[in-house]
Amino acid sequence: MSFPVERLPSSSKGDEIASLMRFEIISGRLKKGDVVSENSLAKTYHASRSPAREALRILQAEGLLRLERLGAVVVGLTEKDMEEINDVRFLIESFVMKECAKNANDSLYAYLRYTLENMRISAINNDFVEFSIQDITFHEAIIEASNHKRILHVWKGIKNIVVTALLIATEKRMMERDQIDNLIKKHSDIIDAMKDGDAQKIEDALKIHFVDTRKTVFESIFTNQSMTE
């Protein structure tokens, strides 16, 4: 499996290279300490040095590598890194869900139900890429509906790593249909809690979902990384 750049919104060549490299790093194919250069990236991805340089800067900003005089050194993604990303996600998503619940936005709930239906269709078709895209769309729709500029900025800073980790984990989940059905139900429970407007129910529903997702992501990523060492 490689990162499905063709299934995501149009982006620059630098973004595409960054997406492919990010997947290589998080999946463990590129290991901590590996060195890559602009020239090697340009050759591998059939690009000029400019987008290769852009990709390296993007990944440095995400903390996945560091730029040195002789090239870019892979830093990788540790379990602590992923824990911190999960903490940030829970903090911002629990907040925006509670804020959106106060406004009783029927159009938002209708859109969230629509994404759930797309997730079900993707599961039937065993399309883990589309399932992952719809999963992210669900969460991002709530964040955007909060109309909170600073939270949206924080989300964009971690989104690419979250998407990549989710793709790896969802491919594994697709092997067990019960897990997928359970995941869809947890998203439905979040909608129900938001419609009830009960802050504690929202937090509980999100926490249950995150605990389950954390388990699958950690098993998929860090078990896979250890196998490639």
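The values are calculated or read from the model by the stated rules, or taken from the named source; none is laboratory data. Here the structure is a predicted model, which means the values were calculated and not measured. FYI the Cβ positions are ideal-geometry reconstructions off the backbone, even for glycines, and counts take in every protein chain you see.
A few notes on this one:
- Condition check for E84: assigned to a helix (DSSP H, G or I) and within 30 Å of F210 (Cβ to Cβ): yes
- Residue ranges of helices (runs of 4 or more DSSP H) in region 115-229 with at least 1 members under 19 Å from the mean Cα position of the chain (by Cα), closer than 21 Å to E79 by Cβ and β-branched (V, I, T): 149-173, 199-228
- Qualifying position, being closer than 18 Å to V163 by Cα and in contact with a helix residue (DSSP H, G or I) (Cβ under 8 Å, 6 or more places away or on another chain), among E79, E54: E79
For every residue, the table says whether it meets (1) more than 25 Å from M174 (Cβ to Cβ); (2) modelled with pLDDT of 95 or more; (3) assigned by TED's automatic domain parsing to the domain that holds I158.
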site: K13; (1), (2), (3): yes, no, no
site: H46; (1), (2), (3): yes, no, no
site: D87; (1), (2), (3): yes, yes, yes
site: F90; (1), (2), (3): no, yes, yes
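- You will find that of L91, L166, L70, the residue that is among the aliphatic types (A, V, I, L, M) and surrounded by 15 or more Cβ atoms within 10 Å (Cβ to Cβ) is L166 and no other.
Yes/no per residue for (1) touching a strand residue (DSSP E or B) at 6+ places or on another chain (Cβ under 6 Å); (2) closer than 15 Å to G76 by Cβ; (3) hydroxyl-bearing (S, T, Y); (4) part of a helix (DSSP H, G or I):
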site: G14; (1), (2), (3), (4): no, no, no, yes
site: M21; (1), (2), (3), (4): no, yes, no, yes
site: L30; (1), (2), (3), (4): yes, yes, no, no
site: A52; (1), (2), (3), (4): no, no, no, yes
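- All of (1) of a type in the set (A, V, I, L, M, F, W, C); (2) buried (at least 19 other Cβ atoms within 10 Å of the Cβ); (3) within 20 Å of T170 (Cα to Cα) hold for A18 with one exception: (3).
- Among the criteria (1) touching a helix residue (DSSP H, G or I) at 6+ places or on another chain (Cβ under 8 Å); (2) in contact (Cβ under 8 Å) with a residue 40 or more places away in the chain, the one K32 does not fulfil is (1).
So that you can scan it fast, the table gives a plain yes or no per residue for (1) surrounded by 15 or more Cβ atoms within 10 Å (Cβ to Cβ); (2) modelled with pLDDT under 95:
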{"residue": "N147", "(1), (2)": "no, yes"}
{"residue": "D178", "(1), (2)": "no, yes"}
{"residue": "H187", "(1), (2)": "yes, no"}
{"residue": "G197", "(1), (2)": "no, yes"}
{"residue": "A205", "(1), (2)": "yes, no"}
{"residue": "T213", "(1), (2)": "yes, yes"}
{"residue": "F218", "(1), (2)": "yes, yes"}
{"residue": "Q225", "(1), (2)": "yes, yes"}
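- Pair list, Cβ under 7 Å, 6 or more apart: region 187-199 residue in the same structural domain as F90 (by TED's automatic domain parsing) and within 8 Å of A101 (Cβ to Cβ), other residue surrounded by 15 or more Cβ atoms within 10 Å (Cβ to Cβ) and among the hydroxyl-bearing types (S, T, Y): K195/Y109
- Some residue of region 16-26 being over 18 Å from the mean Cα position of the chain (by Cα) and of a type outside the set (G, A, S): no
- Test result for M119, surrounded by 20 or more Cβ atoms within 10 Å (Cβ to Cβ), under 26 Å from R7 (Cβ atoms) and of a type outside the set (D, E, K, R): yes
- Test: K80 is over 28 Å from I180 (Cβ atoms), at pLDDT 95 or above and either exposed (fewer than 14 other Cβ atoms within 10 Å of the Cβ) or of a type in the set (G, A, S) (or both): yes
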